[in-house]
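The values are calculated or read from the model by the stated rules, or taken from the named source; none is laboratory data. Owing to the predicted nature of the structure, the values given are computational and were not obtained by experimental measurement. Here Cβ is always computed from backbone atoms with ideal geometry, including for glycine, and neighbour counts include all displayed protein chains.
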Amino acid sequence: MMVEEDGRPFIDDWVAKYGLEPWVSRLIDVAVLPIWHLLVCHGLGVEAHGQNMILVHREGWPERIILRDFHESLEYVPAFLNEPERVPDLSGMPWVCHGENAGQYYQQPTLELLRELVMDTLFVFNLTEVSHLLEQCYAFQECQFWQKVLDCLRLYAKEHELEKRQAMLCIDDRKIYTESLLTRKFFGSHVEYHHLVTNPLFSSIKQECDAYDVSE
């Protein structure tokens, strides 16, 4: 999402080489689907913001991703796990599920919190930077980008017969929660603050996108 001193996006040569839409589609496949597969198929959420995620590319063509920071940013809801019998015994770690840190590490009480972890970090704090750049520098409307993401997730669920599990996550709700990072810094608190934002995957996004005249 970076722009160089000469005003050209860092990705400009890649876009010129491969074409904007093919490159964007490939980026979504490589950067979104592995994280989404962990969530929908296996029931595991990861904190995939930019600091925890590295894009591996070959001459600008996205190939795979590398994720990090699993010691406190890998979460699950027991009832949503695909293989609950494989959960390690965490009973010897009293801060995991009890006391003042209940719900902070690993096991979460609701699917809403698990969905928030993934959609907040991957979409709100990561890919919105890319969608904004594409709109500003290539006239590729943000709603077009997010429609491609939504189409990709729906196709994934259909091809893997995971539509019921994906529907449980309510991924196209009108509003989703995101962490209020600046508020937390102002208060100097260890308590997490959250606020509602418009969900880029909200089901009416195509109608909003159709309102643009992309030929202008």
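Entry remark, the stretch 71-86: residues being modelled with pLDDT of 90 or more, assigned to a loop (DSSP other than H, G, I, E, B), within 15 Å of residue 46 (Cα to Cα) and out of contact with any Ser or Thr (no Cβ under 7 Å at 6 or more places or on another chain) number 1 in total.
Quick one: is residue 149 among the aliphatic types (A, V, I, L, M), closer than 30 Å to residue 22 by Cβ, modelled with pLDDT of 90 or more and not in a loop (DSSP other than H, G, I, E, B)? Here the answer is yes, as residue 149 does meet what is asked.
Would you check if residue 145 is surrounded by 15 or more Cβ atoms within 10 Å (Cβ to Cβ) and more than 17 Å from the chain's Cα centre (by Cα)? Full working, then the answer.
Details: surrounded by 15 or more Cβ atoms within 10 Å (Cβ to Cβ): yes; more than 17 Å from the chain's Cα centre (by Cα): no.
It is false that residue 145 is surrounded by 15 or more Cβ atoms within 10 Å (Cβ to Cβ) and more than 17 Å from the chain's Cα centre (by Cα).
Here residue 161 clears all of (1) surrounded by 14 or more Cβ atoms within 10 Å (Cβ to Cβ); (2) modelled with pLDDT of 90 or more; (3) not in a helix (DSSP H, G or I) except the condition numbered (1).
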